[in-house]
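The structure's right below; bear with me while I get my questions together.
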Ligand SMILES: [Zn+2]
């Protein structure tokens, strides 16, 4: 009844044990073929690696999430050593980026140290020839685009992207990918992005366990929520649902070499 899907961005390590079990059991039923599980720090990376050893459908990405305090230098060095050691198991570098939401709350936080960390991971992704998963929205996105260009990064995935038309145009030109969350069902801004962005550079995600609103209010975020997202994307693109499923699935398989 369902077409195959891949959740292109989820924090699977951040679910509770019983929730993870439930999701893994449900994956066959909802035809969720794989989960790209991103990490927020070294502990999260180790947990995601462990989850991969337990179930190979969990594809771990390792990185330092930008929406948190700047750590001591050694923390990032240790994380980069871990990435180096486990590059075979690692599907991508991520989640990395810049702290847009943190700086909305605390504008005095300087951006520079975050740029230094991000650049270190961009360099590493380039050296290891891995895709990179980015958290970069609004004013931060053009900065990240320039950094990616500096290292000639081709495989960049801007998850849950939001930004201005000029940046969107630049991202399309550079061949960068975005992924759409279940808020496409009710957020005008995301619906507009779907209209604008080529489907050939689009994936779908949940960013779970992050919670959603509208018809998903008070529900545990689950990869099955991607099915209504695809339905909505087909609607916005005025395309058949079958074609949208196929194209998004193919994009994700190719982007992450699955
Ligand atoms: Zn995320």
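Read-outs: derived from the displayed coordinates by stated rules, not from any lab. Only a predicted model underlies this, so the values are computations on that prediction, with no experimental measurement involved. So basically every Cβ, Gly included, is an ideal-geometry build from the backbone, and we count neighbours across all protein chains shown.
I want to make sure I understand the PRE zone here: with the label point 7 angstrom from the Cα of residue 123 toward its beta carbon, which residues in the stretch 140-176 have backbone N atoms less than 20 Å away?
143-156
Residue separation times 0.36 nm, minus the C-alpha to C-alpha distance between residue 104 and residue 77: what's the value?
On the way: separation 27, 0.36 × 27 = 9.72 nm, distance 2.77 nm.
Separation in residues times 0.36 nm, less the Cα-Cα distance, equals 6.9 nm.
Could you please tell me the mean projected area of the C-alpha convex hull for the stretch 3-126, averaged over all directions and given in square nanometres to one decimal? Write out the running numbers ahead of the final one.
Numbers: hull surface 34.0 nm².
Spelled out: convex hull of the Cα atoms, projected over all directions, averaged, 8.5 nm².
If Rh is defined by the Kirkwood formula over all Cα pairs and Rg also comes from Cα, what ratio Rg/Rh do you get for the stretch 66-127? All intermediate terms of the calculation are to be shown ahead of the outcome.
On the way: Rg = 12.6 Å, Rh = 12.5 Å.
Computed over Cα atoms, the ratio is 1.01.
Let me ask something additional. Among 193-199, 173-179, how do they line up from the highest to the lowest mean number of other beta-carbon atoms within 10 Å?
Details: 193-199: 15.4, 173-179: 19.9.
The most tightly packed comes first, giving 173-179, 193-199.
Just the number, please: Stokes-Einstein D of the stretch 109-258 in µm²/s, Kirkwood Rh from C-alpha pairs, 20 °C, 1.002 mPa s.
Values: Rh = 16.1 Å.
Diffusion coefficient, whole number: 133 µm²/s.
Something else: Would you give the gap between the C-alpha center of the stretch 1-50 and the C-alpha center of the stretch 129-180, rounded to a whole Å?
The distance from the Cα centre of the stretch 1-50 to that of the stretch 129-180 comes to 24 Å.
Over the Cα atoms, compute the radius of gyration (one decimal) and Dmax (the largest Cα-Cα distance, rounded to a whole number) for the stretch 128-184, in Å.
Gyration radius and largest Cα-Cα distance of the stretch 128-184: 10.8, 33 Å.
Mind checking the log10 I(q)/I(0) for the stretch 21-77 at q = 0.22, 0.25, 0.26 Å⁻¹? Debye, one equal scatterer per Cα, no solvent, two decimals.
The calculated log intensity ratios at q = 0.22, 0.25, 0.26 Å⁻¹ are -0.84, -0.97, -1.01.
Now, a different point. So what does the Cα-only Debye profile of the stretch 5-255 read at q = 0.15, 0.17 Å⁻¹, as log10 I(q)/I(0), no solvent term?
Each listed q corresponds, in turn, to -1.07, -1.39.
Give me the one-decimal nm value for the distance between modelled label points at residue 254 and residue 17, 7 Å along each residue's Cα-to-Cβ direction.
Distance between the two pseudo-spin positions: 4.2 nm.
Here is a follow-up. What whole number of Å gives the distance from the Cα centroid of the stretch 222-249 to the Cα centroid of the stretch 190-207?
Each part reduced to its Cα centre gives a spacing of 10 Å.
Mind ordering 49-55, 138-144, 70-76, 157-163 by average Cβ neighbours within 10 Å, highest first?
157-163, 138-144, 49-55, 70-76
Students often check this: by mean Cβ neighbours within 10 Å, which of 92-98, 128-134, 24-30 ranks highest, and how do the rest follow? Walk me through the intermediate numbers first.
Values: 92-98: 27.3, 128-134: 22.1, 24-30: 13.9.
Top of the packing list down: 92-98, 128-134, 24-30.
Take residue 199 and residue 112, extend 7 Å from each Cα along the Cα→Cβ direction, and tell me the distance between the two endpoints in nm.
About 4.7 nm, to one decimal.
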